[in-house]
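First comes the structure, then the notes that go with it.
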Amino acid sequence: MAETLLAVEGVSRRFGGLLAVHGVSIAADQGRITGLIGPNGAGKTTLFGLISGFIAPNEGAIRYAGEHITRLPVHERARRGIARTFQIVQPFTGLTVRENIVVGAHLHHRSRTDARAAADAVGREVGLGGMLDRPAATLTVAGRKRLELARALATEPKLLLLDEVLAGLNPTEIREIVPVIRKLCDRGITILMIEHVMQAVMSLSERIFVLAEGRVIAEGTPGEVAANRAVIEAYLGHGAAKKLGAQP
Amino acid sequence: MKGFGTIVLVIAVLAAVPLVVHSNTALNFLVIMLLTALAGQGWNILGGYGGQYSFGHAAFFGTGAYVTAILQVRYGVNAWPGFAVGTAAGALVGAVIGALTFRAGLRGSYFALVTLAFAEVLRILASVAPIAGAGVGTLVKLDLHASALQFESRAAFYWVILALVAASLAIAHAIERSRFGAWLIAVRENEDAARALGVDAFKVKLGAMTISAAITAAAGCFYVQYFLFVDSGIAYGTRMSIEALLTPIIGGAGTVFGPLVGALVVKALGEGATFVAGDAPGLNLIVYGCVLVLVIAFAPRGLIGLFSWRRVPAGKREAAHG
């Protein structure tokens, strides 16, 4: 069993009357890819907000590399190696692709020359090598997703939170980016990914947590989760599992 | 228009002007133009690079002016250290206002309104405080010696303000090429995305506001040495706040030369209007308004923006988001 890098322990978050995340406990193992799936509105992105520090939990604790980070501000968590991408991409539209990535690279490179060199390397790694001088505003959706990934990678993270980096991409684009993600994992980066593209998340993840209505309803290997009755019902509706003849 | 060489070239050309131009009227115009450019450069650091639109830079201009004047008149301090303390006092006011507003998470128009309110509070305080000369204002004694930072020739004053402008250009240039600058611009473009990349947005904005306030305060200190008089309306009036934000926006916010170009255009048009229509009160403001409307309509990234790829119209940029 690999070491746990990130442990979310009984975390809850309320928005007014809505309990967006309710007593959720998940873990991401060192050097592996962990998937986080669930129907729309399950609380996945809120959970990412809690882990990256944009949202404060009402209850529960978050431990990262053996340390309590529950109260740390966003930028402190980034400094410790937690990077995230945004589901709704947030490029710095007034800047070039390179300048976008440089902002992330500056976290661990004070000098402009070093940061630019690091940014160029990351840009090439995610397949933006030929577009570094283009304004970020001119990128396609696929390009913007890659830029999100590049900026996060430029901060040299230990834990990478990927929020639907495959959403909105066509099958060819997905086929191109999946190996990039796998390579990051091979390099030792721990990945926690929210994904709706089932084929990709099932093939990439070693362990999957299923969130529905703010709670973890299942966890396990991709195979276990796919056959889980609660998961099928969460996705397809009450009684669906019976019709499909799934195991309880 | 990037690079240190350009700055050196522009300053060298401007420094040669008094060798050719001897008219006091012309030099006076240029001094005021450079003074506005300096105040505008202060605004540009925070507003242009950092995207925090202050509507109250008069708070810093006025503090610089008043502190320099009061130290000389009431405490007999020499003008040179007075100038330094005035600049530092402006920076301090900037740091305090910045700490309060940014800690409270004020952004956009809320930030603009609160900075305006601070400047207005200071204006009212200055207009009643005896130490500031209350409604009468403070008059600095005429003493035309370099040791008192006063000069008989306009050219000397011109070179002093030019040196200050040169320093402000160098600061903007250095910020543009530094990590701090990259983070500041990232905060302007998208604060949340910047934070996710490890940027301490509060610290970056506070730093920018302090530098910004110091530069605009230096303009205030110079104002006192040049005109030897300050009152609450001049120092803390909204007119100064408007000039400080108008010049970089017209010239090109977030560019090294934006404030200088903007100040030149705005002041030249103001003078031109006065020449044509006589000295009607408020005429300058009408000219500023017209120029602003034209720039926003046809050159949203300022005059310098007309010459760079970044002149993506705001509407197009938004559409590209979706």
Which residue pairs have Cβ atoms under 7 Å apart, sit 6 or more places apart or on different chains, and have a first residue in the range B:105-127 that is at pLDDT below 95 and a second that is surrounded by 17 or more Cβ atoms within 10 Å (Cβ to Cβ) and part of a helix (DSSP H, G or I)? B:Leu106/B:Val114; B:Ala126/B:Gly62; B:Ala126/B:Tyr66; B:Ala126/B:Ala132; B:Ala126/B:Ser232; B:Ala126/B:Ala235; B:Ala126/B:Tyr236; B:Ser127/B:Ser232
Hey, does the range A:145-162 have a residue that's at the interface with another protein chain (Cβ under 10 Å from one of its Cβ atoms), of a type in the set (Lys, Arg), over 30 Å from A:Ala27 (Cα atoms) and in contact (Cβ under 8 Å) with a residue 24 or more places away in the chain? no
Residues in the range A:12-58 that are of a type in the set (A, V, I, L, M), within 20 Å of A:Glu206 (Cβ to Cβ) and over 14 Å from the mean Cα position of the chain (by Cα) total 1
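Have a look at B:Asp192, B:Asp143 and point out the one that is surrounded by fewer than 18 Cβ atoms within 10 Å (Cβ to Cβ), within 14 Å of chain A (Cβ to nearest Cβ) and either free of Cβ contacts under 8 Å to residues at least 40 places away in the same chain or over 30 Å from A:Thr93 (Cβ atoms) (or both). Please lay out each step first, then the result.
Numbers: B:Asp143 fails: within 14 Å of chain A (Cβ to nearest Cβ).
Just one listed residue meets the conditions, B:Asp192.
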How about the range B:200-242: which of its residues are touching a residue at least 40 places away in the same chain (Cβ under 8 Å) and not in a helix (DSSP H, G or I)? B:Leu228, B:Phe229, B:Val230, B:Asp231, B:Gly237
What residue, among those in the range A:1-55 that are touching a Pro at 6+ places or on another chain (Cβ under 8 Å) and among the aliphatic types (A, V, I, L, M), is farthest from A:Pro157 (Cα to Cα)? A:Val21
Flagged in the range A:17-31 as of a type in the set (Gly, Ala, Ser), part of a strand (DSSP E or B) and at negative phi, in numbering order, are A:Ala20, A:Ser25, A:Ala27, A:Ala28
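Please indicate, with yes or no, whether at least one residue in the range A:166-176 is closer than 27 Å to A:Arg124 by Cβ, in contact with a strand residue (DSSP E or B) (Cβ under 7 Å, 6 or more places away or on another chain) and among the small types (Gly, Ala, Ser). Step through it out loud before you land on a result.
Let us first name the residues in the range A:166-176 that are closer than 27 Å to A:Arg124 by Cβ, namely A:166-176.
If we keep only those that are in contact with a strand residue (DSSP E or B) (Cβ under 7 Å, 6 or more places away or on another chain) too, we end up with none.
No, the range A:166-176 has no match at all.
Does B:Val287 satisfy the condition of being away from chain A (no Cβ under 14 Å), crowded, with 19+ Cβ neighbours inside 10 Å and in contact with a Ser or Thr (Cβ under 8 Å, 6 or more places away or on another chain)?
Details: away from chain A (no Cβ under 14 Å): yes; crowded, with 19+ Cβ neighbours inside 10 Å: yes; in contact with a Ser or Thr (Cβ under 8 Å, 6 or more places away or on another chain): no.
No; evaluated as a whole, the condition is false for this residue.
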For the range B:166-181, check the following and say yes or no: at least one residue is in contact with an Asp or Glu (Cβ under 7 Å, 6 or more places away or on another chain) and either within 14 Å of chain A (Cβ to nearest Cβ) or in contact (Cβ under 8 Å) with a residue 24 or more places away in the chain (or both). no
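Give the range B:48-78 a look and list any residue that's part of a loop (DSSP other than H, G, I, E, B) and of a type in the set (Ser, Thr, Tyr), or say none.
Step one: list which residues in the range B:48-78 are part of a loop (DSSP other than H, G, I, E, B), which gives B:50-57, B:76-78.
Answer for the range B:48-78, where residues must be part of a loop (DSSP other than H, G, I, E, B) and of a type in the set (Ser, Thr, Tyr): B:Tyr53, B:Ser54.
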If you go through B:Arg239, B:Arg177, the only one that is of a type outside the set (A, V, I, L, M) and closer than 27 Å to B:Ile131 by Cα is B:Arg239
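The values are calculated or read from the model by the stated rules, or taken from the named source; none is laboratory data. Because the structure is predicted, anything quoted here is derived from the model rather than measured. Neighbour counts run over all protein chains shown; Cβ positions are idealised from the backbone, glycine included.
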